[in-house]
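The values are calculated or read from the model by the stated rules, or taken from the named source; none is laboratory data. This one's a predicted model, so the numbers in the text were calculated from it and none came from an experiment. Ideal geometry is used to build each Cβ from the backbone, glycine not excepted, and the neighbour counts take in all protein chains shown.
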């Protein structure tokens, strides 16, 4: 039976928590000082420690001295003095989450229900490591390169805990796949994983998308809407291109991350939110702050655990595994048995893939359509470069086999770059409405 230690100098509060937690099926011990807590730890190392921040003889951070808690111990901070600095310090010191006083019982029960079983998680991660050696994959992620080995190790460490994660990497590297893998290796995996691309939502609607709204709260609000935070309750919310979120909205997001509470647009009702946030951006976060694209305080709150995904050109040894996997998917879907020839694989390995994994997947799909039984090098019409030289293609190039959607996406992205991301100006240059531009961005992601 899991063992919980409650450390709180408020005896009545500690006993109340003990009663609630015991009813959830845990063995419970209590302590009112750091000295007593350390004695309890020496007597029986708990699976979970809920500790107050301020104790008579020190702080709850100091139960294990200057060391981080053992990996198998779930640390949850209880504080009446919640702040951004406190939460970041707690998470960096090994705390998985924190509760503010007075403790919300529903949130406490939710946290307890997600307590990871170290033996189960270790067994699952060991299985993934075995698959990596045998098949070249880590769950849904493919590749055996040293760069990806580092990523797998980071995922293994952060997935079981509740820390926010900021994934950085170029467009097309697979940041959403990383977020999904983190979710599927967490104790939230039985609940929903939702993804929202912040750049594809109108600034006027993003608050409603995230927090929901009540009927009649604004023009067009013909019925109540449940936002992403509520839909992903007890699950994971992936905020892609978070640096494209309007600055005023970033302030509201930060407030939600600090308090765990949301308020739908047009409502006075506060809703308790229990959602893990994984965010991503293709910008350098430090530069995004300097350019006014990202609030500095939000950056620190999001990147409690930063994770960088390398571009495909830095792990070209993974291109063959990825290409074979994409082809396997297509063969299964179309009931075919097409194969990649050695010259095709050589061409794949010798190309720099500026569009990363997304470009490779699209190239395999085009080649699959063009080929009969064997997919040869000639099927990759836009892949330039020889075996010994990597050549980056002209991104303005229009080539045979390019789809209308790809051409449209290229034009929109180039216009947005020209207008420094200003969607209103871009829409004018493209001769379309801002609403149409947002719709196209949303449909083309």
Helices (runs of 4 or more DSSP H) wholly in the range 264-354 with at least 2 residues that are crowded, with 21+ Cβ neighbours inside 10 Å and in contact (Cβ under 8 Å) with a residue 24 or more places away in the chain - which ones? 296-302, 319-334, 342-349
Kindly indicate whether any position in the range 217-226 is out of contact with any helix residue (DSSP H, G or I) (no Cβ under 6 Å at 6 or more places or on another chain), at pLDDT 90 or above and under 27 Å from residue 421 (Cα atoms). no
Among the candidates 135, 128, residue that is surrounded by fewer than 16 Cβ atoms within 10 Å (Cβ to Cβ), touching a strand residue (DSSP E or B) at 6+ places or on another chain (Cβ under 9 Å) and more than 30 Å from residue 267 (Cα to Cα): 135
Within the range 27-52, tally of residues that are in contact (Cβ under 8 Å) with a residue 40 or more places away in the chain and crowded, with 20+ Cβ neighbours inside 10 Å: 6
Between 58, 80, which is surrounded by fewer than 19 Cβ atoms within 10 Å (Cβ to Cβ) and modelled with pLDDT of 85 or more? 58
